Every structure is written in C-alpha cells, then in structure tokens.
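Report on the following structure.
Derivation of every value follows stated rules applied to the coordinates shown; laboratory data play no part. It should be emphasised that the depicted structure is a prediction, and the values quoted were computed from it without experimental measurement. In this analysis, Cβ positions are derived from the backbone assuming ideal geometry, glycine residues included, and neighbour counts consider all displayed protein chains.
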Amino acid sequence: MLRQDGTDWVASMGRLLDGFRPDVVHLHGLDRIGAEVLAVIRRLAPRARIVLTLHDYQTLCPNDG
C-alpha cells in the first residue's frame, strides 16, 4: 500500500517511472494506493498520460448497486 506518510515510496516510484519512461500510466482505482499518487506521477512523469479506471466495488458500489 502506498498510502503512508513517508517518502520512500515516492523515491521507489521515481526509479520505476524513470526506468520505464511510460507514455501512459494506468491505475486500477485508488482505494489501495491513495489519491496522492496522481500528483506524484504527474510530477515524476509529466509527459505521461494518466488513465484511471474506476471500477472498485468499495468506491462505486458499496450498497450492492
């Protein structure tokens, strides 16, 4: 889980994005990693497009539809 106060995960994400240099970063929801990852990706990979798939049961459908 990335949602935490420390910045170690930011450095790890930076190394990952620097190594891959993606054109697109696709996230499958934010419930486990936290919304702050969007700003981090934008800062570390400013040219990459961010695609967010919102399909998480907890986020969209907590009351069985």
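Numbers at a glance
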item: Size of charge dipole - region 8-60 - debye, nearest 20, with Cβ of Lys, Arg +1 and Asp, Glu -1, no other charges; result: 260
item: ARG43 paired with ASP31, simple spin-label distance in nm, labels 7 Å along Cα-to-beta-carbon; result: 2.7
item: Taking N as its residue count, the alpha carbon Rg of region 8-60 over 2.2 N^0.38 Å; result: 1.15
item: Under-5 Å amide H pairs with LEU27, H placed in peptide plane, nonlocal only; result: VAL51, LEU52, THR53
